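Okay, so here's the structure we're looking at.
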Amino acid sequence: MSKQFLIQARNLHRHYDTYHAVNAVNIQLKQGEVLGLLGPNGAGKSTTMNMLTGNLAPGSGEILINHIDLLDNPKRAKEQLGYLPEQPPVYKDMTVTEYLRYCAILRHIPKKDLTKSIDRALQRCSLTEVRKRLIGNLSKGFQQRVGIAQAIIHNPLVVILDEPTVGLDPVQIQEIRHLIRELGDEHSVILSTHILPEVQAVCDRVQIINKGQTVYENTLDQISHSISHMNYEIGFTHPIDTALLNALDIIKNMSELSNNRYQLEIAGDQHSVSEIAAFALQNQWQLIEITPKKVSLESIFLDLVHVKENAA
Amino acid sequence: MSSLFTVATTEFKRMFFSPLAWSILAILQFVLALMFLVLVQDFITLIQPQTAGIENPPGVTDTIVSALFLWAGIIMLAVMPILTMRSIAEERSNGTFSLLRSAPISMTEIVLGKFFGLMMFVFIMIGLVSLMPLSLSLGTSLDWGKFLAAILGLSLLLASFAAAGIFISSLTNQPIIAAISSFGLLLVLVVLYISGKSETTGSELFVYLSHFGHFLPFLEGIFQSGDLAYYLLFICGFLILTIRKLDNERL
């Protein structure tokens with residue numbers, strides 16, 4: 001292995017009775033990488049994460065965490081991991097500091113470093129102000145952050161977060177995303193979600209899982225490069241002669257939406273957009289909007305997931 | 001080892017973070033104190049005058065300590081399931097169990113930690129109950145051997161309750177079901193004793209199987225290694241079953 005792989009999971013399988021929840025999934029995670037696990041509900045994301053963190057044993061397959069086999073040597077492998085399950089594993093009758101102290105001791109942090117680690121985790125998750133309050137009295141967003149603090153308190157090499165932004169308000173979501181991005185600088189992060197913009201905001205690489213199988217895997221850089229044409233929504237005050245517009249070579253596809261608005265698929269680069277604007281001006285169409293549509297991940301996701309469903 | 005200790009102390013402390021442990025201790029102490037009062041009253045007004053002429057009459061330790069400890073055991077039959085339902089079933093339903101499972105700590109350490117955490121509570125409870133007969137030593141002399149045997153017997157009995165309760169707790173993720181089933185299991189063992197002692201259906205085997213059957217000799221001050229072995233086997237058996245159950249759950 002040339003570059004340091006912190007997680008190597010090969011050929012993971014997991015059955016629940018006859019239901020094949022995870023089917024031959026491979027996961028590799030490099031140092032300093034944020035991997036987004038994406039998939040519809042019930043795709044097997046949580047099961048995969050439970051296997052990676054030792055909560056579930058895989059039916060077959062192999063999991064190496066920093067080159068330590070999770071099945072042969074669970075204690076040492078788990079020391080390298082921080083995990084936030086879907087439901088934050090917090091004791092509601094403890095204060096934030098008490099809880100984090102307990103987690104820190106469970107993670108074998110030496111006594112002399114306890115206060116330092118707790119303070120660092122509190123500060124990174126902006127929990128310092130509420131550190132003396134009972135977790136049960138905190139809002140869902142704060143409880144979620146306590147869950148994240150618990151996952152990073154021992155400064156693990158790999159942080160695994162299962163739907164970390166569920167149930168948070170938009171400001172909190174922004175903060176958590178920012179935190180995940182920060183974590184990605186030092187730690188490697190695996191993040192599961194079904195919120196597409198989240199992946200675009202924080203991940204380096206994305207792996208889409210559907211019905212227990214990996215159906216797509218790519219880096220976000222490559223996704224944005226691989227797109228040769230762009231989608232735009234264009235709107236006018238009055239109806240226009242669509243045939244005229246359609247005749248332009250740069251327009252590869254065009255469909256009508258309501259209220260004199262059209263969906264255009266444009267070939268070429270940004271320059272083509274100004275060409276269209278100029279063309280509209282020339283014909284004295286009263287152009288009121290041109291909105292770029294982010295294609296990329298959403299269309300990839302919908303294509304993969306829906307095509308599969310229709311076929312099935 | 002240190003993780004085991006951490007789990008045990010946290011388990012113990014967490015009981016006192018909520019009003020649960022405080023209210024259980026208070027109510028137990030109140031009920032048993034009333035009991036104690038009745039027993040002392042009976043001893044002074046009834047038993048002492050009646051046995052005045054007999055050679056080697058039953059003393060305070062026989063009449064008061066063993067009755068009090070028997071009652072403590074009976075009440076804990078209902079209380080222990082409430083404590084053990086928290087240990088695994090409630091952690092599962094709150095989603096906190098995965099914290100322990102993804103921590104670098106073995107299932108054995110988790111289960112033993114939970115058990116010893118409960119035992120710390122049990123010792124506090126026994127300590128508080130023992131204070132009452134101990135106060136008698138101000139005015140009369142106690143039979144220390146019998147008293148200590150009763151304490152040991154009650155500790156073993158409650159440890160066996162705890163082990164069985166933790167096992168039932170590991171079978172379900174609904175605390176209430178865990179509590180009711182543990183209570184049922186403990187009660188069945190008592191019924192075994194009662195039916196074993198009954199004149200029509202009497203059976204040595206039933207008495208032998210019941211945990212109460214091995215508790216009563218301790219109250220009479222009889223320490224038999226067979227009784228001790230019964231409790232140790234009972235406790236280890238249920239704890240090992242719990243560990244196996246939780247380990248298998250990952251598969």
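The values are calculated or read from the model by the stated rules, or taken from the named source; none is laboratory data. Keep in mind that this is a model prediction, so the values were computed, not measured. A quick note on method: Cβ atoms are made from the backbone with ideal geometry, for glycine too, and the neighbour counts reach across all protein chains shown. Just so you know, the surface numbers come from the protein's heavy atoms only, side chains and all, with ligands and any DNA or RNA stripped out. Shrake-Rupley method; radii C 1.70, N 1.55, O 1.52, S 1.80 Å.
Do you know which residues across segment B:129-142 are of a type outside the set (S, T, N, Q), open to solvent by less than 60 Å² (accessible area, probe 1.4 Å) and assigned to a helix (DSSP H, G or I)?
Let us first name the residues in segment B:129-142 that are of a type outside the set (S, T, N, Q), namely B:129, B:131-134, B:136, B:138-139, B:142.
Retained after the next criterion (residues that are open to solvent by less than 60 Å² (accessible area, probe 1.4 Å)): B:129, B:132-133, B:136, B:142.
Result: B:VAL129, B:MET132, B:PRO133, B:LEU136.
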Within segment B:36-50, count every residue that is crowded, with 18+ Cβ neighbours inside 10 Å, at pLDDT below 90 and not β-branched (Val, Ile, Thr). 1
Counting residues that are within 14 Å of chain B (Cβ to nearest Cβ) and either among the β-branched types (Val, Ile, Thr) or surrounded by fewer than 19 Cβ atoms within 10 Å (Cβ to Cβ) (or both), which strands (runs of 3 or more DSSP E) fully inside segment A:1-79 reach at least 3? A:5-16, A:60-65
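Residues are listed down the side, and each one gets a yes or a no for (1) within 12 Å of another protein chain (Cβ to nearest Cβ); (2) under 20 Å from the mean Cα position of the chain (by Cα):
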| site | (1), (2) |
| --- | --- |
| A:PRO89 | yes, no |
| A:VAL96 | no, no |
| A:ASN137 | no, no |
| A:GLY141 | no, yes |
| A:GLU175 | no, yes |
Of residues in segment A:125-148 being part of a helix (DSSP H, G or I) and open to solvent by 40 Å² or more (accessible area, probe 1.4 Å), the one modelled with the lowest pLDDT: A:LYS140
Against the definition (touching a Gly at 6+ places or on another chain (Cβ under 8 Å), open to solvent by less than 60 Å² (accessible area, probe 1.4 Å), within 14 Å of chain A (Cβ to nearest Cβ) and over 28 Å from B:GLY221 (Cβ atoms)), how does B:SER3 come out, yes or no? yes
Where residues in segment A:102-118 are in contact with a helix residue (DSSP H, G or I) (Cβ under 6 Å, 6 or more places away or on another chain) and open to solvent by 20 Å² or more (accessible area, probe 1.4 Å), which of them is nearest to the other protein chains (Cβ to nearest Cβ)? A:ILE105
Just give me the residues in segment B:79-118 being within 22 Å of the chain's Cα centre (by Cα), polar (S, T, N, Q) and open to solvent by 10 Å² or more (accessible area, probe 1.4 Å), in sequence order. B:THR108
Report whether or not B:ARG14 is part of a helix (DSSP H, G or I), touching a Phe, Trp or Tyr at 6+ places or on another chain (Cβ under 8 Å) and within 14 Å of chain A (Cβ to nearest Cβ). yes
Within segment A:240-260, work out how many residues are touching a strand residue (DSSP E or B) at 6+ places or on another chain (Cβ under 9 Å) and open to solvent by 70 Å² or more (accessible area, probe 1.4 Å). 6
Condition check: crowded, with 16+ Cβ neighbours inside 10 Å, among the small types (Gly, Ala, Ser) and either modelled with pLDDT under 90 or in a helix (DSSP H, G or I) (or both). Does B:GLY145 satisfy that? no
Among the residues that make up segment B:21-35, is at least one of them open to solvent by less than 50 Å² (accessible area, probe 1.4 Å) and either at pLDDT below 90 or aromatic (Phe, Trp, Tyr) (or both)? no
